[in-house]
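What follows is a set of notes on a single structure, which appears directly below.
The values are calculated or read from the model by the stated rules, or taken from the named source; none is laboratory data. Computed from a predicted structure; not experimentally measured. Cβ sites come from the backbone with ideal geometry, for glycine too, and all protein chains shown count toward neighbours.
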Amino acid sequence: MQSLIQGFSKLSRDEKIKVLVEQQQLAPEIAASFQSFLHPKQQHLFNDISENIISNFYLPFSLAPNFLINETLYMVPMVIEESSVVAAASKAAGFWAKNGGFQTRVINTIKNGQLFFNWSGNINALNNHNKEIEELIYKTTATITSKMRQRGGGITGIEFKAVPNMANTCQALVKFQTADSMGANFINTCLETIGPELMVYINQHPQLKQEQEATVIMAILSNYTPECLVECKVSCPIEQLQPYAGGYTTREFANRFKTAVDIAINDPYRAVTHNKGIFNGIDAVVLATGNDFRAIEAGAQAYAARNGRYASLTNIELTNEVFEYTLTVPLALGTVGGLTNNHPMTKAAMQILQQPSAEQLMQVAAAAGMANNFAAVASLVTTGIQKGHMKLHLSNILNTFGANEVEKNAAIKHFKDSVVSYSVVENFLKTIRQ
């Protein structure tokens, strides 16, 4: 049995690696690889991002061109490890740029914070004092919110709710606008400041105080932001869909596409994978711009189940010979704070996107999600997903089998018109190596 490691965080990087090698019996070449992925000039930036760092983990930083969004043309930076995502997004972006582009709008940008507390009173009584409580929290947080209010943000309201199935457990659901900031630290600081003052108010108010004093349980932002919504829409005459129709007529393709989307609306097994295709694009943009993709994923997946059953984030209409496809998704993104100001590649991503506001970034990310989902569904209802995906995955398979440049060139030529799979590529390499 391995022994517990004491004081690991206090060790130098070399000492951490030594402990790792000894305890896990790593091969020397793996230990040596940690050094090769350190940044030669800016490692200090990466050392400040996380803890117990021994190296860096590289992912490709790619560009998807030709995104026409509300009449503005973007090159969209994408960070993702999955083959075919960037290619699919680029192809779809080019197609829609010739057919009206992506029409996007931000519906709202409200974010939520939650202050949970023990209290045995009637929750309606708290809401009856809402105006007075709002004035209290505005005053209590005035110093914290001053700069945010100058940028058009701040606290916008408060609502009290009982937590279902938990006696005497309540929450103050506080609404925030955080301008171009992601706002996590701002929201949490406000909530932790509000908590003690709100408890004093409740415990001293003659109409609210109970025999047992109200006490704070916890204060934390919510990554569920069902009001921080962006809509992305593409539409064109059905006859314009020929480049994606494969061997079908454009009307047949449109009908098959609609059927696939309707399945995702009504079947949760399909809906999860359907929405995953959306997040192939969204997550890639979120990562490239230094935003929190875990928060975005969690909030959007909850939104997909907002009606009590998990369903597609997209809807489709075929009317009057027009194909109209719409994505509505919560995206609480920011363009200032966090990694957006510190990581050199996120800075580059923001410049590539022409220094967008938070609302503009929401729209770009939504368009990337729409592009990838459209491309995926189009493939599914025509040639199938594997043909294009595995072609682009060929390079990864060849690297897995240690192919040299001559072998790679031969494989690329051979598989130009052949089905790609791990076993088939392995057999091909064995044959040419013999």
Note on the stretch 312-329: residues crowded, with 16+ Cβ neighbours inside 10 Å and more than 17 Å from I278 (Cα to Cα) are F323
Scanning the stretch 330-351 for residues that are assigned to a loop (DSSP other than H, G, I, E, B) and surrounded by 20 or more Cβ atoms within 10 Å (Cβ to Cβ), the one farthest from the chain's Cα centre (by Cα) turns out to be T335
Does the stretch 217-230 contain any residue that is under 28 Å from the mean Cα position of the chain (by Cα), crowded, with 19+ Cβ neighbours inside 10 Å and among the β-branched types (V, I, T)? yes
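Here's the yes/no breakdown for (1) surrounded by 14 or more Cβ atoms within 10 Å (Cβ to Cβ); (2) of a type in the set (F, W, Y); (3) in a loop (DSSP other than H, G, I, E, B); (4) without any contact (Cβ under 8 Å) to a residue 60 or more places away in the chain:
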residue: N112; (1), (2), (3), (4): yes, no, no, no
residue: I144; (1), (2), (3), (4): yes, no, no, yes
residue: F176; (1), (2), (3), (4): yes, yes, no, no
residue: A179; (1), (2), (3), (4): yes, no, yes, no
residue: M199; (1), (2), (3), (4): yes, no, no, no
Screening K209, K161 for residues that are assigned by TED's automatic domain parsing to the domain that holds K131 and more than 25 Å from A302 (Cα to Cα) leaves only K209
- Quick check: is even one residue across the stretch 340-361 under 21 Å from S312 (Cβ atoms), assigned by TED's automatic domain parsing to the domain that holds H274 and out of contact with any helix residue (DSSP H, G or I) (no Cβ under 8 Å at 6 or more places or on another chain)? no
**OP:** Please verify whether the stretch 371-389 includes one or more residues that are of a type outside the set (S, T, N, Q), farther than 25 Å from R251 by Cα and surrounded by fewer than 20 Cβ atoms within 10 Å (Cβ to Cβ).
**Re:** yes
All-but-one check, A97 against (1) under 30 Å from N399 (Cα atoms); (2) over 18 Å from the mean Cα position of the chain (by Cα); (3) free of Cβ contacts under 8 Å to residues at least 40 places away in the same chain, failing number (1)
Report task. Scan the stretch 87-108 and give yes if some residue there is among the hydroxyl-bearing types (S, T, Y) and farther than 20 Å from Y325 by Cβ, otherwise no. Result -> no
If you go through N99, N108, the only one that is surrounded by fewer than 19 Cβ atoms within 10 Å (Cβ to Cβ), in contact with an Asp or Glu (Cβ under 9 Å, 6 or more places away or on another chain), at pLDDT 95 or above and part of a loop (DSSP other than H, G, I, E, B) is N108
Of (1) in contact (Cβ under 8 Å) with a residue 40 or more places away in the chain; (2) over 30 Å from V377 (Cβ atoms); (3) surrounded by 14 or more Cβ atoms within 10 Å (Cβ to Cβ); (4) of a type in the set (S, T, Y), S55 satisfies every one except (1)
For this session: Might you let me know whether the stretch 72-81 holds any residue that is in a helix (DSSP H, G or I) and modelled with pLDDT under 95?
Result: no
| said: Tell me whether the stretch 62-70 contains one or more residues that are within 25 Å of L380 (Cβ to Cβ) and in a loop (DSSP other than H, G, I, E, B). | reply: no
